[in-house]
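Okay, structure first, notes after.
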Amino acid sequence: MRDVFTLSLIASTIRLATPLVLAALGGLFSERSGVINIALEGKMLAGAFTAAAVTYAADTKLGMGNASPWVGLLGGLVAGLFIAFIYAVSCIRFKADQVVSGAAINILMLGIPGFLSGAFFLSSGSTPQLPKDHLLPQSPVVIAITILILVALIWYVLYKTPFGLRLRSVGEKPEAADAAGVSVSKLRYSGVLLAGMLAGIGGAYLSIGQSSLFTRNMTAGRGFIALAALIFGKWRPVQTLLACLLFGFTEAVSIQMQGAVKLPSGEDIPVQFINMVPYVLTIVVLAGFIGSSRPPRALGVPYQKEK
Amino acid sequence: MLELREITKRFGDVLANDHVNIVVKPGTIHAIVGENGAGKSTAMRIAYGFYTADSGEILVDGQVREIRSPHDAIALGIGMVHQHFMLVETMTVAENIVLGAEPGSSFALDLKSAAAQIRQLSEEFKLAVNPNEPVEHLSVGQQQRVELLKALYRHAKLLILDEPTAVLTPLEVEEFFGILRRMRAQGKTVIIITHKLSEVLAISDEVTVMRDGKVVGGVQTKDTNAAELARMMVGREVLLRVEKPDADVGRAALEVRNLSVTTATGAKRVDNISFQVRTGEIVGIAGVEGNGQTELIEALAGLVEPAQITGEIIIDGKNINAVSARARRELGISHIPEDRHRRGLLLDFNLAENSILGVHYRPPITRLAGNVFLDDGAIRRRATEIIEAFDVRPRNAALPARSLSGGNQQKLIIGREYHVNPKVLLVSQPTRGVDIGAIEFIHRQLVKLRDQGCAILLVSAELEEVTSLSDRLLVVHDGKIAGEVDPKVATLEEIGLLMTRGH
Amino acid sequence: MKTLARELLFPLIAVIAAFVVGGILILLVGDNPIDAYRLLLGSALSWPDGIGYTLFHATPLIFTGLAVLVGFRCGLFNIGVEGQLYIAAFATAWVGIELANRSSWFLIPLCFAAAILAGALWAAIPGVLKARFGSHEVINTIMLNFIAVSLVSYFTQYYYKVPGDPILQTAMIGENAHIPRLGSFIPGLPERIPLNVAFLLALLCCVLVYLFLWRTKWGYEIRATGSNPSAAEYGGISIRKQIVVAMAVSGALAGMVGINEVLGYRYRYYDGFSDNYGFTGIAVALLGRNHPLGVIFAALLFAMLQHGGIYVDGFSENVTKDIVQVLQGIIILFVAAESFFKWLVGRARPQANQLPRVRAVTQ
């Protein structure tokens, strides 16, 4: 058991938690504005694929060298933004069911990367390998600091700026915000688009940070773990960060153990059970067994103004 | 200050505002009175930009203005306090007040200076509100003052108040009027929507009376009196009376002993109420809406969790506190709910399917295999019977309930609830949003059912309706019974006093 | 007749619009959309392979479409069909392995029961959680999908894998648990095509679901709850009970995918066998307008695409079978945003196209 808590485990926890933190904090903006975000998975996939493809293009076609992953990161951000825009128009402008649209985005994004890579790279579902020195920084210290700054920034935006106040009010009681002269749809657009950007970056980090190419369905449910972390973190930035670290840790343990964790008593915990931890915890929290996790009150409800 | 010119607004086939003209002079308190559904709120919501008028124009300070959203209204110095407060419960008072008009830069929300400003305003108008308190911890009266502060904070010159006293206790009403007078003294203009005449006379300078979507009169308050206003509001001198023989009263069919009902959040809505309803009588419950009537009826119908109820509900001598809604129906309790869209109908289902709600699980509606299957023939027969007996139009059981007018929807519900020959009938707002012809029909049916020996408990916000139909009248205030009166001899004034002042 | 036309109109428009958008994407990657679509749809019409495989692919989609439909009709969104069908398929295999030597008459019904019960029980969990604690079934079913996948993979790996097998799959089930392929009845349909009696079961389930929802008192209660929970409660219907029952029925239908997969096709539990059946079921139910008859047609459409996807992969230059998922996604997106089309033709302001949803459970 002592072996579990090595420095390398902490480092890999941070690395693995990074895409979760980014996506979950994105989801935070969206859900705090009242729009459910089960499409985080799709947005991460969009970000991951685009980032890898753009980095590859910037590297090989434009010869941008060390700058290419940063261009790729931007690409991931834009891809997430683009997908979020479709989602936002569907949910906000056309008042579609948010869960259905989210599911549609997820299915769509399972197909798009394979569709495009098949055409552009002639390898179904993945992008070409990138050189190791043309990836995003992976030093746990650098990442940790970046993440901490980001969380602090988001906390500040959410609680200490007029934008944050309006965003939260729109997610809690849109008619109150409307009566106060705040545009509900403008804020929901901002919330969803911010979510897209952050999830896109999160996806980008997956393909051009943690690994060096995009592979088919490489998020493997991380968008949903991010959603779980958001709920486990009770829709608050700092708690969400902690939840992501916890879930990153379980992933790190399951990778490091490659099979089973040995308990001091000699018994094995199969890796499958470790993988389940985030999901079980989320269900438990949602049922109110560990404190209560109350969603924003208007979450999932399109705002319909009487006319 | 504010002028509405020829404002017309239609909702579906209802003409809510029909060429409405209202002029509000600056520095006055202007009352707009009318019965429920007269179009008062609609007109004011148009002025605040919540609705857009189909035609007509709005003038602010003598200039024609486009008010397309509350944002526009706020910019023109108009504030509105809605009947249902527009507050975000989880946020603090200060956060609610500054929302949409935040102080400081867009990068830093300056709640401290806001709080100071709120304190100052609060003192100026003697509102006694703590800016840092979360709204969900405040009483209703305090929440209303937060709404006022919201408007004041935005430098509103004109405040529109929609039924502001409906949720207040008498003491709070006094205080509230004090606040309004201070506002007038400071040069603000106030529009107050109400249907309580005593308040109009107590607080306003001018009155506009509305009826059926039209303005039927405008007077100086000092030149009028309650009787005249009432006449204008109702549109007829004589009060509506329902012809009914004397009640032939039998044993107690429904008895309520020390009943209290709390909401899921712990607020007490019905407070230690006791009464009986005997066979062959209509017991009316009069009161300002929101004084526990809804919760009382729902508790009796079995729609409130037993844990939220204390005291006893007794049918034919048996305590039914823990009996489910279905089993209560089987005991002979029928229920005509106050909100037919929310409770009474499956709007997407057709009339036939709606006609079996509540009896859908037992013969003759079901058959075969241990009564699992629905019997189409039986359903159609039942629907036809109800549609014919209660003159539901159009006479087509295959139409979705949504497509019917309010009056016909209500007749369908009443027909359904009558069809089981109830021993006890719980009726709430039976004629709300129903046309005149249907109202009379519904009233006659209620009396007929009474004469067949049913025990009827009738809740209505229409004072005339409840006094003319009831054999005995209980007046509720703040969840308690404020008094019982004989509807044959009691004057509306007497009842109104009980309704508004409690004991 | 008018309503039928209207019911058909929007799904049709959504599908056509999706094909147009998909066509543009195909043009963008430098292929001819007409050719690609001919491969995609045309291959499904050949006899016996095209038709046989299309019907085989349609089988799980009918089950999952019905499962999602039953949830929707009660105001519930069962995104957990994927997890339910995994649990059920494993349970089916488990019974088929453990009792391999029993006679067919005993074993096959037992395997059916295992599939149905396992699906129902797994789906009842989020039902109970919603009824008891009010927690949102969308989140819980998503979480339970991942838990199901892990759980089943654990049992397969630790208890039912043939030692030395590099593939994560169980041992074979007993031959007595096999259900017949339709090829053994239909002349000209070779038995290598895995279309089996589960397809007939799927069609039967469409009829049963219709009867259940529209002709029984239970169905009435479920639909009433989905249409207006407050009114249902007023009519003496226990919403909590309906939530659990509807989830269980939904899960039972999802579970029947296991019958097709394990008893009729692979004769074992194969880890990760589902080609997103559960999620495609959402598309099937929505495109089928939440009606069993519609589900059949929608399932056939998606099955055609799925089958054609293989041909596209093989014969098209740039287009891969991923086009199938792309089309699926776009179709759902269009179906969900129905008001988009109304807005296009300038008929109406967007209205909330909210599916009926059971939100709070009573007070």
Open item on the list: For Cα pairs less than 8 Å apart in space and 6+ apart in sequence, what is the mean separation divided by the residue count of the stretch C:2-344, i.e. the relative contact order in percent?
Closed with: 34
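Per the helix-only calculation at 222 nm, which mean residue ellipticity applies to chain C, given -39500 (n - 2.57) for every DSSP H run of n ≥ 4 and division by its residues, nearest 500 deg cm²/dmol? Write down the numbers at each step before the final one.
On the way: 14 runs with 238 residues, N = 363.
My calculation for chain C gives -22000 deg cm²/dmol from helical runs alone.
Out of every Cα-Cα pair in the stretch A:115-259, what percent are more than 22 Å apart?
Values: 5513 of 10440 pairs.
So the portion of pairs separated by more than 22 Å is 53 percent.
Counting only other chains, what is the mean number of Cβ atoms within 10 angstrom of the Cβ of each residue in peptide C:26-32? Before the final figure, lay out the partial values.
Working: counts 2, 0, 3, 5, 2, 1, 0.
Average neighbour count from other chains, rounded to a whole number: 2.
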Task: With Cα atoms, 0 to 90° folded angle of helix B:140-153 axis to chain B main axis - done: 40
Task: chain A: relative contact order as a whole-number percent, Cα under 8 Å and 6+ apart - done: 35
- [ ] Just tell me how shielded C:332-344 is by partners: mean number of partner chain Cβ atoms within 10 Å of each residue's Cβ, no decimals.
- [x] 6
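From the C-alpha coordinates alone, can you work out the Kirkwood hydrodynamic radius of chain B, in Å? Display every interim value, and only then the final one.
Numbers: mean 1/r = 0.0405 Å⁻¹.
Here the Kirkwood hydrodynamic radius works out to 24.7 Å.
Please give the contour-minus-distance gain from B:A101 to B:L59: 0.36 nm per residue of separation, less the Cα-Cα distance, rounded to one decimal in nm. Can you show the working numbers first?
On the way: separation 42, 0.36 × 42 = 15.12 nm, distance 2.39 nm.
Once the chain is fully extended between B:A101 and B:L59, it gains 12.7 nm.
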Task: Selected from A:I269, A:I154, A:I105 as most flexible by GNM, with chain A as the system and alpha-carbon contacts under 10 Å - done: A:I269
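Would you kindly state how much longer the chain becomes between B:N130 and B:T310 on full extension, computed as 0.36 nm times their sequence separation minus their alpha carbon distance, in nm to one decimal? Could you put the intermediate results ahead of the total?
Numbers: separation 180, 0.36 × 180 = 64.80 nm, distance 3.44 nm.
Answer, rounded to one decimal: 61.4 nm.
Using helices alone, what [θ] at 222 nm do you get for chain A, with -39,500 (n - 2.57) per DSSP H run of 4 or more residues, divided over all residues and rounded to the nearest 500? Working shown, then result.
Details: 11 runs with 199 residues, N = 307.
Taken over chain A, the calculation gives -22000 deg cm²/dmol.
Report Rg(Cα)/(2.2 N^0.38 Å) for the protein assembly as shown, keeping two decimals.
Details: Rg = 32.6 Å, N = 1173, 2.2 N^0.38 = 32.3 Å.
Dividing the Cα radius of gyration by 2.2 N^0.38 Å gives 1.01.
Rounded, prolate or oblate: which one fits the stretch B:424-486, using the alpha carbon gyration tensor with axes a ≥ b ≥ c (rounded when a/c is under 1.5, else prolate when a/b beats b/c, else oblate)?
On the way: a/c = 2.05, a/b = 1.35, b/c = 1.52.
Here the stretch B:424-486 falls in the oblate category.
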Open item on the list: From the C-alpha coordinates alone, can you work out the Kirkwood hydrodynamic radius of the stretch C:2-344, in Å?
Closed with: 20.7
Task: Volume per residue of the C-alpha convex hull in the stretch B:345-421, rounded to whole Å³ - done: 75
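Rg over Rh of the stretch A:117-190, using C-alpha atoms and the Kirkwood radius, what does it come to? Before the final figure, lay out the partial values.
Working: Rg = 20.6 Å, Rh = 16.2 Å.
My calculation puts Rg/Rh at 1.27.
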TODO: Please report, to two decimal places, log10 I(q)/I(0) for the stretch B:391-503 at q = 0.11, 0.15 Å⁻¹ as given by the Debye formula with identical point scatterers on the Cα atoms and no solvent.
DONE: -0.42, -0.72
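Restricting to the protein assembly as shown, compute how many DSSP beta bridges are antiparallel as a %, nearest 5. Before the final figure, lay out each step's value.
Values: 52 of 88 bridges.
Around 60 percent antiparallel, to the nearest 5.
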Open item on the list: Only helices at least 27 Å long along their own axis, judged from Cα atoms, and with Kyte-Doolittle mean hydropathy of 0.0 or greater: name those in chain C from DSSP H.
Closed with: C:2-28, C:49-73, C:104-133, C:292-315
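Which percent, nearest 5, of DSSP beta bridges in the stretch B:2-234 are antiparallel? Don't jump to the answer; show the numbers that get you there.
Values: 22 of 40 bridges.
Antiparallel bridges make up about 55 percent of those DSSP assigns within the stretch B:2-234.
When averaged across all projection directions, what area in nm² does the alpha-carbon convex hull of the stretch A:30-135 cover? Before the final figure, lay out the partial values.
Numbers: hull surface 28.3 nm².
Computed as one quarter of the Cα hull surface, the answer is 7.1 nm².
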Task: DSSP bridge orientation in chain B - percent antiparallel, rounded to nearest 5 - done: 55
TODO: Compare C:G258, C:G278, C:G235 in a GNM of chain C, Cα atoms joined below 10 Å, and give the one with the largest fluctuation.
DONE: C:G235
Task: Within 10 Å of each Cβ in A:181-190, the average number of Cβ atoms from other chains - done: 2
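Stick to Cα atoms and the Kirkwood definition of Rh, then tell me Rg/Rh for the stretch B:2-234.
Values: Rg = 17.6 Å, Rh = 18.1 Å.
Using Cα coordinates only, the ratio equals 0.97.
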Task: P(r) tail fraction, chain A - alpha-carbon pairs more than 35 Å apart, % - done: 19
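Read-outs throughout are calculated quantities, based only on the coordinates presented, and are distinct from any laboratory measurement. Note that the structure is predicted; figures quoted are calculated from it, not measured. Because the Cβ atoms are built from the backbone with ideal geometry, glycine has one as well, and the counts that use them run over all protein chains shown.
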